[in-house]
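Worksheet: one structure, shown below.
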4 protein chains.
Amino acid sequence: MTKPPRLNLAAGPVDVMPETLRDMAKPVMYHYDPAFKEFFAHTCALLQQVFRTQYDVVIMQGEAILGLEAAAASLIRPGDKVLNLVSGVFGKWFEFFIDKFGGHTIELAVPYNDAIDPNEVRKALNANPGVKYLSVVHSETPSGTHNPLKEIGAVCKEFGVLTLVDTVSGLGAELLSPEEWNLDVAIAGPQKCLGGTPGLSLISVSPVAWERMESVANPLRGSFLSILDWRDAWLKENRFPYTPSVNEMYALESVLRQTLAVGMERFVERQQAIARACRAGVKALGLKLWPVREEIAASCVTAIAMPDGLTDAQIRDTMRHRYGVMISPGYGDLHGKLIRLGHMGPAQAHPTILAAQLAVFERALKDIGYPVQLGAGVGAAMAALDGWDDAA
Amino acid sequence: MTKPPRLNLAAGPVDVMPETLRDMAKPVMYHYDPAFKEFFAHTCALLQQVFRTQYDVVIMQGEAILGLEAAAASLIRPGDKVLNLVSGVFGKWFEFFIDKFGGHTIELAVPYNDAIDPNEVRKALNANPGVKYLSVVHSETPSGTHNPLKEIGAVCKEFGVLTLVDTVSGLGAELLSPEEWNLDVAIAGPQKCLGGTPGLSLISVSPVAWERMESVANPLRGSFLSILDWRDAWLKENRFPYTPSVNEMYALESVLRQTLAVGMERFVERQQAIARACRAGVKALGLKLWPVREEIAASCVTAIAMPDGLTDAQIRDTMRHRYGVMISPGYGDLHGKLIRLGHMGPAQAHPTILAAQLAVFERALKDIGYPVQLGAGVGAAMAALDGWDDAA
Amino acid sequence: MTKPPRLNLAAGPVDVMPETLRDMAKPVMYHYDPAFKEFFAHTCALLQQVFRTQYDVVIMQGEAILGLEAAAASLIRPGDKVLNLVSGVFGKWFEFFIDKFGGHTIELAVPYNDAIDPNEVRKALNANPGVKYLSVVHSETPSGTHNPLKEIGAVCKEFGVLTLVDTVSGLGAELLSPEEWNLDVAIAGPQKCLGGTPGLSLISVSPVAWERMESVANPLRGSFLSILDWRDAWLKENRFPYTPSVNEMYALESVLRQTLAVGMERFVERQQAIARACRAGVKALGLKLWPVREEIAASCVTAIAMPDGLTDAQIRDTMRHRYGVMISPGYGDLHGKLIRLGHMGPAQAHPTILAAQLAVFERALKDIGYPVQLGAGVGAAMAALDGWDDAA
Amino acid sequence: MTKPPRLNLAAGPVDVMPETLRDMAKPVMYHYDPAFKEFFAHTCALLQQVFRTQYDVVIMQGEAILGLEAAAASLIRPGDKVLNLVSGVFGKWFEFFIDKFGGHTIELAVPYNDAIDPNEVRKALNANPGVKYLSVVHSETPSGTHNPLKEIGAVCKEFGVLTLVDTVSGLGAELLSPEEWNLDVAIAGPQKCLGGTPGLSLISVSPVAWERMESVANPLRGSFLSILDWRDAWLKENRFPYTPSVNEMYALESVLRQTLAVGMERFVERQQAIARACRAGVKALGLKLWPVREEIAASCVTAIAMPDGLTDAQIRDTMRHRYGVMISPGYGDLHGKLIRLGHMGPAQAHPTILAAQLAVFERALKDIGYPVQLGAGVGAAMAALDGWDDAA
């Protein structure tokens, strides 16, 4: 059997804090145990703080793809016009859900190394009257880019368009706010920038979105895909539509608590600082970032255009097998075009782990014959971390 | 905050072995880490052994209700005749899924304290030509009863009817075999008799069921509900349709390994022996079992008809708050009519925990004024455990 | 390999709370890490609260026998008269230490099923002028008895005799107070009634005892046995005489915190209530308690005179191998004369575990042919627990 | 409260593998549980393999200073001539034990940045007839140096001098062999190069050493310091002289098992390769190693002469508080003269962690105004790791 890696610095799930694993390993409670029900409510309250929202939050018991499908299934009905913003694989993928539930997709696309321009959104909405929903990926993990969600949300507000937001790897990477940013349904994952374990969808739902879910034809109820079930059961009656994943909830509460102990502002700053330093390191090695402009680079992973003459597998296998460091390849259409250094979540987003990753990355490049000055990337990254302070 | 219980002896999720929690707390691997992919494959192989099958197994990443809905969604199409066996709340509930996907339900029902007679199944199939599917709950956790699944499966074979089996709390309670028992799609949960954590659906799929899923109108693909996605992705291409719940998989592998270390035959015998002893204890207290005949009593929980003059809440709250023992009430239509002592899974299905439970049950009955001779139930249960041997 | 037991209900070390093990498994810190030094100081402060003392406390890094030897080695010098109270194996054993360090032992002994009468202590001190130290075992775990420590301490105060107290299994069993009870050096263990892990000695030291340690000939310094080293290093200079057992400290802090969350008074009451109930159960089985009077029975274990015609091994092996319950035999001179049911510490001292233990005890007695009415002991024990309330 | 560090790279105790902590957290067994006794015996057998010896091994239940004092206390009697080799603080410290037990110390000393020359040992033994014992520190953790233990052992063999060896941080750093290297009593610690938790002394005892312990005046028995007690009790009678630290044993077994899974040869090579790389990194930063010659540099820590104009506290506090990396200062007489980068044990002795440490070290130097080219040390270290392969 292959040995586990030393460092899991992939695109998620990733290494989590030891405390999170200890908390996850608490004895299993029955979901209707009074102590568990209090715990679940408490966790939802923490999640609202992390989302910085007063909106209802729903924790669905499957990884974020469940939340994304559930949002589409709950809202999109045959003939609904959906403006789908596509700046990467995940954005494109959402079209599948729009189609699946009978929606009519209007696509606003940019190359997969670029980000959506909010003005183009305005143009598209002007050009396409009657758009009901806008769907957008906040942080395109496969591309290592992020879209200007706040500005896009503002445009949607002008048009009264309801927003479906994949912020799976965005929550914790930017200081978002569903109310201020006009996010109607925002779906996040615990296993990305929050540094939790995979297996849950974290959803913030605006009052307007609730109304819509209830007023569409055939409201989606009685299904693992139903968000309304959670409203009817948990939010209204303090019962569960089905058995929650008790230990995943323990892990979630742990990461939410840890996140809030740092403070959302500082949490996000740290995440961004490490991403910035990672990019500095990569550039110092003479490599090219995949995103077309650095200001659209994501905070969760740093995507690097594949260096000439190298293959993804060469780099990754060397890092994984010789040095025990797992990183992610390009995904879907981007496979082979880039590799991604991961730094999402508090266990990863730290100078120590960034240095370890870049040092092994450099070493692997050298092993496979790519000319690189060992230490150059690490040095530049550490230089960029001027002012870092764990104790602050 | 309410303190966690001492013993979680509910109807699931329940207390698990400490080893399971330690294994669950292993560092999170990226799902495409080579070590994780090997681990996932290895876990599937163990699951086949626990299911005692050569059929493909699929591990869906949500608790068993996901597997049940997925089975219905994958197979039932508008107009399909489904013979739905109803001997309890869960059996009745499945009708909702049949309806949801357009099936035509033919119901064969018995009171919720009884079990289905295989001869009645034969009669119903004779009376209703063209039935495509039979749906049945193996172990009706809410009623504390089980149906004669083997015999029912044999009848279905005669008629060429495909079987959809909810064995969520049946796997580990009886020595089933999908091939011999003619189970086409059998859905189990790790958090019941296997004593694992909740959050996964364990599914055994016959070749005929695969063919059917692929040949129905609009085969279900591209959804969290899709079983075919797992065939296309994992079974054929060794990739995942979406991110699996890594730590839930660790916990599952652990319980499968523990189960097989005991041996399926012995594992099931132990489960049944404890259930038998529990019933002996309950009867010795002068209480009435809920199941109409003892031979249909389930092995996962012992359902007790509510003693006259007592309420469910009185008993359960006293057990939970004064003595830290969590048990389950009646569920759905059965709420208030019965209570359920739990003994599912290796952490519970043991003389020590059974004795603890019965002693606290007796004590709570006395506390709330029900006449009971303290020790009578425990004594009868322990007497029934003649021959028990951990070391055997 | 023999499987681990289900329940470890021995005379210590015993089952601990799952929380304690999770806390023990925190990452290892360097002992001079600022976080660890704060943690160590915090743990000492908690220990003072558990000891209910303002005296200095010292945590030596080896199980309690280290603390006992250290106390003797630090105080007793050639020719010192020591009144050694002997009511059991451990009391007698202390004479070895007195001899080792040149002391002159004056023994006040009672049979090993009895306790010391404080009046006899007064008589002995009157009859032996010049006694410097009195050594006494508070809770004689091997005999399942306890001595009237408070009253003995008061007598010593009259005579100005310094007390060396083995309260290894006494701390947490009675509401002691070094100041009020006149205990000069009191040595406890985390792995008994506090329900911690073995590997540390917990010592409370009076100012007079400190003075004595420093003023004796050749004060003991520079040794693993030195208590003064801890004063010189930790208490005065905030450094360690040697590397502390970091993870044992984590576990200790956890149990101290858990103990104080219950509250010392209630903690002790629960311990005593369970012991009382255990004795009620044993007597109901027609067995004879080993202690000559019930009021001297210890709270940590219940010692039972060996039933006629049975051997210790028969009972214990049956309980351990068939039912996975580990209890303790007689120790030293008492081997074969008694067996001991354990109920020390919060994981054990609970109605659930007591019931489990008694049920298995009864069952094992029956298995080996001893006439017993199954359930009689459990019933009597549960009857004795009238008023128990976890939530109180 | 100060937060725990991210990386504990001190001079021990240090970060351990997550697996070790999970194993440590297994339920506490009674030490006379049959399963624990088998486990203890099994652990001793593994320890013999790690020590590469057929000699008896003894596991004393306190950190290594206990084993060192115990060895002296067990063997040295008044008037015994002991040749004490001093190349550092720990070597010098042993003189205290020689004195304590009445021995006559003959010192062979070198500066604390140098190592003992075996020829000087021969000269000293020639010049001092009647020397009974030679005491030597294999790996001087405070100096970051090691002595040529094999050659020193060979000289002692010529003279029939019994050797007392402090290999606390040497076991796992070199491929030693008590038989081949003529080590009579060798004391190691689990918390150094084996990467375990602190709290145990691991001792290998030659037959000659056993004879001597039994034949000296007043053989040391009946004490926490007694090695003979373990022979009499555990090795001869399969019982314990006192309660072992059950969870420390779990952790020890885990690290021994992990070590042997790597294989001793490879384990040691990895340890040495990382130490070599660390030195390369330090030199590339223009800093001076503390050891006078690189071939005497230890594998457990890299001692660096304090750079001009800096203080120990500046460097360490910056690393610890700003970047969460804990390293060790100079110890005792060496305080302020050096700092020590730690890389002992499998969790640390890896390219990832070495890179993290050096990167933070560089960053901290820069923060406090020392001229350093960020990345230079990391790069040189990684260059020195040519050929490293986790998968090999």
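The values are calculated or read from the model by the stated rules, or taken from the named source; none is laboratory data. Keep in mind it's a predicted model, so treat the numbers as computed, not measured. Counting neighbours? That spans all protein chains shown, and the Cβs are built from the backbone with ideal geometry, glycine included. Ligands, DNA and RNA are stripped out before the accessible areas are found, and what is left, the full protein with its side chains, is counted by its heavy atoms. Shrake-Rupley method; radii C 1.70, N 1.55, O 1.52, S 1.80 Å.
Brief remarks on what is shown
- Any chance C:L260 is open to solvent by less than 30 Å² (accessible area, probe 1.4 Å), in a helix (DSSP H, G or I), in contact with a helix residue (DSSP H, G or I) (Cβ under 9 Å, 6 or more places away or on another chain) and in contact (Cβ under 8 Å) with a residue 60 or more places away in the chain: no
- B:I368 more than 24 Å from B:E140 (Cα to Cα), touching a residue at least 24 places away in the same chain (Cβ under 8 Å), in contact with a helix residue (DSSP H, G or I) (Cβ under 8 Å, 6 or more places away or on another chain) and not charged (D, E, K, R): yes
- Check on A:N147, of a type outside the set (K, R) and over 19 Å from A:L68 (Cα atoms): no
- Residue selected from the stretch B:1-11 under the condition within 7 Å of chain A (Cβ to nearest Cβ) and in a loop (DSSP other than H, G, I, E, B), by the criterion least open to solvent (accessible area, probe 1.4 Å): B:A10
- Residue within the stretch C:151-165 that is of a type outside the set (S, T, N, Q), within 14 Å of chain D (Cβ to nearest Cβ) and touching a residue at least 40 places away in the same chain (Cβ under 8 Å) present: no
- Exactly one residue out of D:E69, D:E95, D:E107 is in a strand (DSSP E or B) and not basic (K, R), and it is D:E107.
- Some residue of the stretch C:108-120 being modelled with pLDDT of 95 or more, away from chain D (no Cβ under 14 Å), in contact with a Phe, Trp or Tyr (Cβ under 7 Å, 6 or more places away or on another chain) and open to solvent by less than 10 Å² (accessible area, probe 1.4 Å): no
- Total residues in the stretch D:12-68, condition of a type outside the set (A, V, I, L, M, F, W, C), facing another protein chain (nearest Cβ under 7 Å) and open to solvent by less than 10 Å² (accessible area, probe 1.4 Å): 4
- If you go through the stretch D:369-379 and keep only what is under 28 Å from the mean Cα position of the chain (by Cα) and at the interface with chain A (Cβ under 7 Å from one of its Cβ atoms), you end up with just D:V378.
- Of all residues making up the stretch B:102-118, the number that are within 18 Å of B:V292 (Cα to Cα) and free of Cβ contacts under 8 Å to residues at least 40 places away in the same chain: 6
- In the stretch C:341-363, residue farthest from the other protein chains (Cβ to nearest Cβ) [restricted to those that are touching a residue at least 60 places away in the same chain (Cβ under 8 Å) and of a type in the set (S, T, N, Q)]: C:Q348
- Test result for D:V89, surrounded by 19 or more Cβ atoms within 10 Å (Cβ to Cβ), within 20 Å of the chain's Cα centre (by Cα) and at the interface with another protein chain (Cβ under 8 Å from one of its Cβ atoms): no
- Hits in the stretch A:274-311 (condition: over 20 Å from A:S139 (Cβ atoms), touching a strand residue (DSSP E or B) at 6+ places or on another chain (Cβ under 7 Å) and among the aliphatic types (A, V, I, L, M)): A:L287, A:M306
- Any hit, the stretch C:276-293, residues being open to solvent by less than 40 Å² (accessible area, probe 1.4 Å), in a loop (DSSP other than H, G, I, E, B) and in contact with a helix residue (DSSP H, G or I) (Cβ under 8 Å, 6 or more places away or on another chain): yes
- Elements of the type helices (runs of 4 or more DSSP H) sitting completely within the stretch C:130-245 and holding at least 2 residues that are open to solvent by less than 10 Å² (accessible area, probe 1.4 Å): these cover C:149-159, C:207-215.
- Hey, B:K123 surrounded by fewer than 24 Cβ atoms within 10 Å (Cβ to Cβ) and free of Cβ contacts under 8 Å to residues at least 12 places away in the same chain or not: yes
- Of the residues making up the stretch C:294-317, those that are of a type in the set (D, E, K, R) and either open to solvent by less than 70 Å² (accessible area, probe 1.4 Å) or under 18 Å from the mean Cα position of the chain (by Cα) (or both) are C:E294, C:E295, C:D312, C:R316.
- Matching residues in the stretch D:325-349 - criterion: being at positive phi and surrounded by fewer than 24 Cβ atoms within 10 Å (Cβ to Cβ): D:G332, D:G336
- Residue in the stretch C:294-315 that is within 14 Å of chain B (Cβ to nearest Cβ), over 17 Å from C:V110 (Cβ atoms) and acidic (D, E) present: no
- A:K366 meets all of the listed conditions (1) within 14 Å of chain D (Cβ to nearest Cβ); (2) crowded, with 19+ Cβ neighbours inside 10 Å but one, namely (2).
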